Amino acid sequence: QHEFPLSSEIIETIPKQELLLLAGLFHDIAKGRGGSHSELGAIEAAEFCQQHELSPYDTDIVAWLVKNHLLMSTTAQRQDISDPDVVHQFARQVGDLQHLNYLYLLTVADIRATSDSVWNAWKDSLLKQLYHATRRTLRRGLSNPLLHAEHVARVQEQACELLKRETLKKENIKQLWAELGDEYFLRYDAGEISWHTHDILHTHEDDLPLILCRRASQRGGTEIFIYTHNRRNLFATITLVLEQQGMNVVDARIFSSSSDFTLDTFLILGADNEPVKDQDVITQLHTMLQQKIRANDAEIKPLAINLPRQAKHFKFATRIHLETDEQNQRTILNITAYDRPGLLSRIATALSQCEIQIQNARIATYGERAEDIFFISDAQNRPVNDEKQIACLKKNILEFLED
């Protein structure tokens with residue numbers, strides 16, 4: 001209960017724990033048979049339940065859990081779960097609170113049982129965030145989705161309430177927020193927005209970059225927020241510094257204001273896969289980031305990669321996949337590669353050289369396999385559709401990662 005308080009609370013509410021145990025036994029039973037192991041496993045689980053005279057309702061729950069056992073982890077780690085549309089779509093797939101409770105418990109058990117290195121505070125935080133957001137959506141009703149404009153207005157109102165005790169002029173807050181756009185208010189909560197707003201409005205432009213750190217944030221890691229002038233190679237510069245200091249970047253959110261400032265948030269874990277709690281380490285990170293960002297180097301030299309001996313024999317080929325996100329007018333870049341130090345800064349440098357902008361990044365590691373997702377656009381903030389630019393992107397990434 002001390003390690004998984006939410007799971008301990010939920011498991012007391014589910015009517016039949018034996019259904020969860022059956023789903024756990026069958027969820028990966030069809031791996032290696034060809035085809036979708038989730039769908040094949042669901043068929044086998046249903047046959048088992050029928051042979052042992054479980055009720056049709058119980059049989060459907062076990063089969064549904066096996067078929068959808070990757071749904072919650074995939075949604076949490078690969079999609080923007082701060083977007084009401086994403087949460088609403090997930091809630092539609094889940095259907096009701098009982099299925100959500102069973103799925104949450106199975107997801108936590110599946111990830112945690114894989115290995116100690118796969119589970120971390122960030123994944124714990126993501127799953128909790130998706131669980132609570134989905135529960136609120138189900139309570140609200142699937143026929144009554146939360147609109148973007150409604151969400152933005154609500155979070156701004158909450159942030160204003162938090163800023164009341166600060167000596168800030170309302171017109172300055174209003175002007176700053178007008179430059180940030182609605183997506184910023186979809187991705188951050190009221191506490192984070194008030195934190196950013198307070199420090200941005202108290203910082204003179206000559207004192208940039210503004211670098212803020214939270215050693216243990218509610219998102220399950222150490223949060224680093226950077227506000228500065230927008231420029232080429234900034235993302236690569238920041239990730240290189242973090243990697244040089246032995247940090248593991250698990251999430252990145254990048255926003256550009258209409259006045260050409262960038263607001264970048266990096267969620268990091270230390271070498272022990274836990275939030276960074278040592279204040280001396282935080283201070284060192286702050287100093288190095290400030291120096292490197294102010295230096296404004298035109299070219300970035302990525303961190304040298306020293307693969308362990310076994311990796312040189314067993315590492316798999318890098319895979320690159322692109323798809324267009326029409327709704328948000330951007331391109332989704334999926335990269336699967338062998339995880340190693342310097343991976344993220346090398347990818348960032350490769351994209352920068354092709355004049356590609358990173359809007360957002362989700363970093364996931366499964367043992368020795370990194371599955372990174374980047375939401376990117378061209379220099380005009382449009383989806384990357386130019387064939388020459390796509391060819392440049394693929395060529396650069398492969399060269400940087402296979403070097």
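In the range 254-287, the qualifying residues are those that are loosely packed, with under 14 Cβ neighbours inside 10 Å and not polar (S, T, N, Q), and the one that is farthest from the chain's Cα centre (by Cα) is 280.
With respect to the conditions (1) under 30 Å from residue 178 (Cα atoms); (2) at pLDDT below 90, residue 271 falls short on a single one, namely (1).
Among the listed residues 53, 9, identify the single one that is more than 26 Å from residue 365 (Cα to Cα), free of Cβ contacts under 8 Å to residues at least 60 places away in the same chain, assigned to a loop (DSSP other than H, G, I, E, B) and in the same structural domain as residue 112 (by TED's automatic domain parsing). Outline the logic, then answer.
Numbers: 9 fails: assigned to a loop (DSSP other than H, G, I, E, B).
Step by step, each of 53, 9 is checked, and only 53 is more than 26 Å from residue 365 (Cα to Cα), free of Cβ contacts under 8 Å to residues at least 60 places away in the same chain, assigned to a loop (DSSP other than H, G, I, E, B) and in the same structural domain as residue 112 (by TED's automatic domain parsing).
Considering the range 38-66 alone, what residues qualify as being in contact with a helix residue (DSSP H, G or I) (Cβ under 6 Å, 6 or more places away or on another chain) and within 14 Å of residue 104 (Cα to Cα)? Listed by number, the residues that qualify are 61, 62, 65, 66.
Matching residues to (1) over 29 Å from the mean Cα position of the chain (by Cα); (2) in a helix (DSSP H, G or I):
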residue	(1), (2)
1	no, no
18	yes, yes
24	no, yes
32	no, no
38	no, yes
46	yes, yes
77	no, yes
88	no, yes
91	no, yes
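Just one of (1) of a type in the set (Lys, Arg); (2) within 17 Å of the chain's Cα centre (by Cα); (3) under 24 Å from residue 265 (Cβ atoms) fails for residue 369. It is (3). Filtering the range 190-200 for residues that are part of a loop (DSSP other than H, G, I, E, B), surrounded by fewer than 15 Cβ atoms within 10 Å (Cβ to Cβ) and not assigned by TED's automatic domain parsing to the domain that holds residue 10 leaves an empty set.
Residues in the range 26-47 that are within 14 Å of residue 61 (Cα to Cα) and without any contact (Cβ under 8 Å) to a residue 24 or more places away in the chain: 43, 44, 45, 46, 47.
Among 355, 399, 387, 323, which is the only one that is on the phi > 0 side of the Ramachandran plot and either at pLDDT 85 or above or of a type in the set (Ser, Thr, Tyr) (or both)?
Working: 399 fails: on the phi > 0 side of the Ramachandran plot; 387 fails: on the phi > 0 side of the Ramachandran plot; 323 fails: on the phi > 0 side of the Ramachandran plot.
Of 355, 399, 387, 323, the one residue that is on the phi > 0 side of the Ramachandran plot and either at pLDDT 85 or above or of a type in the set (Ser, Thr, Tyr) (or both) is 355.
What residue, among those in the range 98-118 that are touching a Ser or Thr at 6+ places or on another chain (Cβ under 7 Å) and not polar (S, T, N, Q), is nearest to residue 132 (Cα to Cα)? If you could, list the steps in order and put the result at the bottom.
Here is the first cut: in the range 98-118, the ones touching a Ser or Thr at 6+ places or on another chain (Cβ under 7 Å) are 100-101, 105, 107-108, 111.
Right, trim to not polar (S, T, N, Q) and you get 100, 105, 108, 111.
Details: 100: 10, 105: 13, 108: 15, 111: 19 Å.
Out of the qualifying residues, it is 100.
The values are calculated or read from the model by the stated rules, or taken from the named source; none is laboratory data. Since we're looking at a predicted model, the values are computed, not measured. Heads up, the Cβs are rebuilt from the backbone with ideal geometry, glycines too, and the neighbour counts pull from every protein chain shown.
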